[in-house]
Every structure is written in C-alpha cells, then in structure tokens.
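What follows is calculated from the coordinates using simple rules that are stated; it is not laboratory data. As the structure is a prediction and not an experimental result, all values here were calculated from the model. Heads up, the Cβs are rebuilt from the backbone with ideal geometry, glycines too, and the neighbour counts pull from every protein chain shown.
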Amino acid sequence: MKNIVHIVGTGTIGEPLIGLFTDFKQHLGIDEVTFHKRTPMKTERAKVAHLMSRGAHLATEDDKSADFEALGHKVSYSAQEAMERATVVIDCTPAGNENKETFYKHLKGPRGFLAQGSEFGFGKMYARGINDSALIPGEDRFLEIVSCNTHNLAILIKTLGMVDDKLTMDRAQFVCMRRSNDISQTKDFSPAPTVGRHDDEEFGTHHARDVFHLYETLNLRPKVFSSALKLNTQYMHSVWFNFELTKPTDKKTVIEHLKENPLVALTERKSANEVFSFGRDHGYYGRILSQTVISTPTLAIADKGKEIVGFCFTPQDGNSLLSSVAGAIWLMDPTHASERIQVLKRFVFQEI
C-alpha cells in the first residue's frame, strides 16, 4: 500500500508542510502528497501552481472543482476521496475539532490524524523531543501538535527544569510576547502592545495549561504559569522565563545543559529581526526548525543560584512543523520514524 500524506489547509503551517513532504518524500518514506484547498483565489494561483509543480496533488469539494480548473489547476481528487485514501491526515486549519467530529472519526482508511495547537482536546498532545516515549503504536490515532510557544515552554522545562527526566524546579513563570501576525497576513495587526487576559486561574493563559498537559502524558505535573501580550511586530514571538529551582546552579552549568539538547539553539543576538533574518537565509521556508533560540546574554542566575531568568525567541512555527512531520511519520512507521526524520536535521540549528 502507498504511504499518502494529506494536508488540509494551505496557510502559514499547511503550505510549508506540503513543501516539506514533497521535497523530502523519498527520505521520509512518502509515496504521494495531497492537499485540500477550499477556496479558489486568483491571488493564490501562483502558490497552488508551485506546490503542484513540486508533486503535490490538489483536492477540493466537488462544487469548487470547476472554479479551480478555471484558474488553470488540475483537481486530482474530491475532498472526501483524498481523506479516505490517505495514510495520515494533517489538519492545519482552525477547524480541526469540528472536522474530527464531522469526518475523521468516521474514516477507517487513515492510520491517524494530526491537528495544530489551537485544537485543544483533539487528541494526545505531542512535541518532538519532549514526549515521544508517550506515544503508543496502534492506540494513539489522534495527535495534537502543540503550538509554537508551547513547544518553546516545553523545551525550556526539559533543559532548565529537569535532570534525567525528573523535575528539578519548584515553579516556572513565562511571559509570551507574541508577534502581531505572520508576515504573510494582512489582517489583525496590532498597532500597539496589547496585553492578554489570564483566563485560567491555575495556569494564566493556554500556553502554561498546554505545556502542563503535554508533560502530563509523561506522568509529570510541573507547576507553571504564563502571561501573554501581542506586540506590534511581524518578526517572531519572544518569551521571558523565570525558573525557581530545588537546588542551586550556575550560569556555566545552565549553558552546558542547553548545549546538550540538539533541539535548542543558542545565540549572542538580542534582536528578533536578526534571528528572523537568519531563518530567512538558512531555514526552510524561512523557518528554523529548532524548538527555541536562547539569547545567552540575557541569562541570569538569581537568588543564590536557585533562579534562572532570561529571554528566548520562538522560531515562527518551525518547531510545530518539525513535530507535525515527526508525528505523521510515526503514525506511518513507528519503528523507523526517528531515523527518517533526520533528513530535516540540516534546518535544526544549535547556534545562530
């Protein structure tokens, strides 16, 4: 049987995912890549044509086929047919939970389904390099790829608040300073810094809530709290962190721990535009696939060695892309997933 990846949506996560699977399908063990686009648009004709020229096959609703063909696109499958014949379906829309109830739960062909971080409750939470050991072959068919900022918080906890898979922190606090919107988007730009509400009494915002539930899959319950605000920039998310430890440490030891994790990038840079520019020049679709970028000049040790404080950058959905590919390959072939994903190692940086 063919290994077929079907991606729903062509936005800021869907488009680069289609590219990743088409460009590296031979290394990833993929035979065919299909994608679903709902709305035919002249402004996106070039994008769709380019994805198809690289080998991806377009699927849409029956009543939209003629409109896509009028734009010069060949429609290979109906939306329903593409889902039914897929080995794995990756939903990159804000309607993942709705689509699960309407379509995915009733499909018997695919081995599994993935949705993105906005779709809380879709399935078992997953982040590459955090809870791979929690995935159970044959049982976990629905995976939620946590958000890019949740990836960042998760890797910070793993490298700064844990030793040998055990928590060594009393508490961690985070302030997620989110970019206003993606550079590809023209709507919802914030003209000034806008603070967010603390909707969750225990966790503050969904970032800490999600990272808590992510670690709960490993039977760990970190004490975490997060705040969020939106900045008037399109470059990158930034995160301020504060870890209260059970035992004192020093800056040299902290940096050594960070260097030991291949998914962590370190930089002497303090400006988001410089890190963003590095991703544009050296990343995939302009994205670094590392989990976080730590600004080492901002690291500080306080309270006689029992607090770690600093800033880091969240690589523009790159970490979510890596986890989406890893999760999809795991659903297809749990035995060789880690080996196959190494083809993307060139975009995972440890120094920027």
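Using C-alpha pairs under 8 Å with a sequence gap of at least 6, the mean separation divided by the residue count of region 148-318 gives a relative contact order of 27 percent. By how many degrees, 0 to 90 and rounded to 10, does the Cα axis of helix 14-23 deviate from the longest principal axis of the chain? Approximately 80 degrees, to the nearest ten. Considering only Glu201, Glu119, Glu32, give the residue with the highest GNM mean-square fluctuation for the chain, with springs between Cα atoms whenever their separation is below 10 Å. Among Glu201, Glu119, Glu32, the largest mean-square fluctuation in the Gaussian network model of the chain belongs to Glu201. Beta bridges from DSSP with both residues in the chain: antiparallel share about 40 percent, rounded to the nearest 5. Within the same chain, lysines fewer than 8 places from Lys252 are excluded, and of the rest, those with a Cα less than 18 Å from its Cα are Lys158, Lys304, Lys306.
Kindly provide log₁₀ I(q)/I(0) values, in the same order as q = 0.12, 0.16, 0.19 Å⁻¹, from the Debye equation applied to equal alpha-carbon scatterers of region 263-336. Calculated log10 I(q)/I(0) at the listed q: -0.44, -0.66, -0.79.
Counting Lys +1, Arg +1, Asp -1, Glu -1, what net charge surrounds Gln316 among other residues with beta carbon under 9 Å of its beta carbon? Here the count lands on 0.
Placing +1 on the Cβ of every Lys and Arg and -1 on the Cβ of every Asp and Glu, with no other charges, gives region 113-238 a dipole of roughly 360 debye about its Cα centre. Between Arg54 and Ser76, the FRET efficiency from the beta-carbon distance, with R0 = 22 Å, is close to 0.95.
Around Glu98, what is the net charge, scoring Lys/Arg as +1 and Asp/Glu as -1 over all other residues with Cβ under 15 Å from its Cβ? That works out to -1. For region 265-282, backbone phi angles converted through the Karplus equation (6.51, -1.76, 1.60; θ = phi - 60°) give residue-by-residue couplings of 9, 10, 8, 8, 6, 10, 10, 4, 5, 5, 5, 4, 4, 4, x, 4, 7, 10 Hz, Gly and Pro being listed as x. Taking 12 Å as the straight-line reach from the Cα of Lys42, the aspartates and glutamates in range (excluding those fewer than 8 positions away in the same chain) are Asp67, Glu69. To check you understand DSSP bridge types, tell me what percent of the beta bridges within region 148-318 (both residues inside) are antiparallel, rounded to 5. Once the DSSP bridges in region 148-318 are tallied, antiparallel ones form about 70 percent. Backbone amide hydrogens, once placed in the peptide plane, bring Met125 within less than 5 Å of Glu144, excluding anything fewer than 5 places away on its chain.
Taking each DSSP H run with n ≥ 4 as -39500 (n - 2.57) and averaging over every residue of the chain yields -8500 deg cm²/dmol at 222 nm.
Here the average projected area of the convex hull drawn through the C-alpha atoms of region 228-352 stands at 9.1 nm². Amide H contacts of Asp91: Val8, Leu114, Ala115, each under 5 Å away and 5 or more positions distant or on a separate chain (H built 1.01 Å from N in the peptide plane; Pro and chain starts excluded).
Here the calculated FRET efficiency for Glu44 and Ser271, from their Cβ-Cβ distance with R0 = 25 Å, stands at 0.20, rounded to the nearest 0.05. The ranking of Thr335, Thr205 by Cβ neighbour count inside 10 Å, starting from the fewest, reads Thr335, Thr205. Across region 25-40, computed HN-Hα scalar couplings (Karplus, 6.51 cos²θ - 1.76 cosθ + 1.60, θ = phi - 60°) run 4, 5, 6, 8, x, 9, 9, 8, 10, 10, 9, 9, 10, 7, 10, x Hz from first to last residue, x flagging Gly and Pro.
Here the chain is treated with +1 on each Lys and Arg Cβ and -1 on each Asp and Glu Cβ, and its dipole about the Cα centre works out to around 580 debye. Around the Cα centre of region 148-318, unit charges on the Cβ atoms of Lys, Arg, Asp and Glu (plus for the first two, minus for the last two) sum to a dipole of about 280 debye.
Over all directions, the projected convex hull of the C-alpha atoms in the chain averages 17.4 nm² in area.
Taking θ as phi - 60° and the Karplus parameters 6.51, -1.76 and 1.60, the scalar couplings of region 239-256 work out to 10, 9, 10, 9, 10, 9, 9, 7, 9, x, 9, 9, 4, 4, 5, 4, 5, 4 Hz in sequence order, x denoting glycine and proline. So, in Å, what gap is there between the alpha-carbon centers of region 157-184 and region 102-138? Cα centroid of region 157-184 versus Cα centroid of region 102-138: 22 Å apart.
The calculated pair-distance distribution of region 1-136 uses every alpha carbon pair, bins of 5 angstrom beginning at 0, and gives 2, 10, 19, 23, 22, 15, 6, 2, 1, 0 percent.
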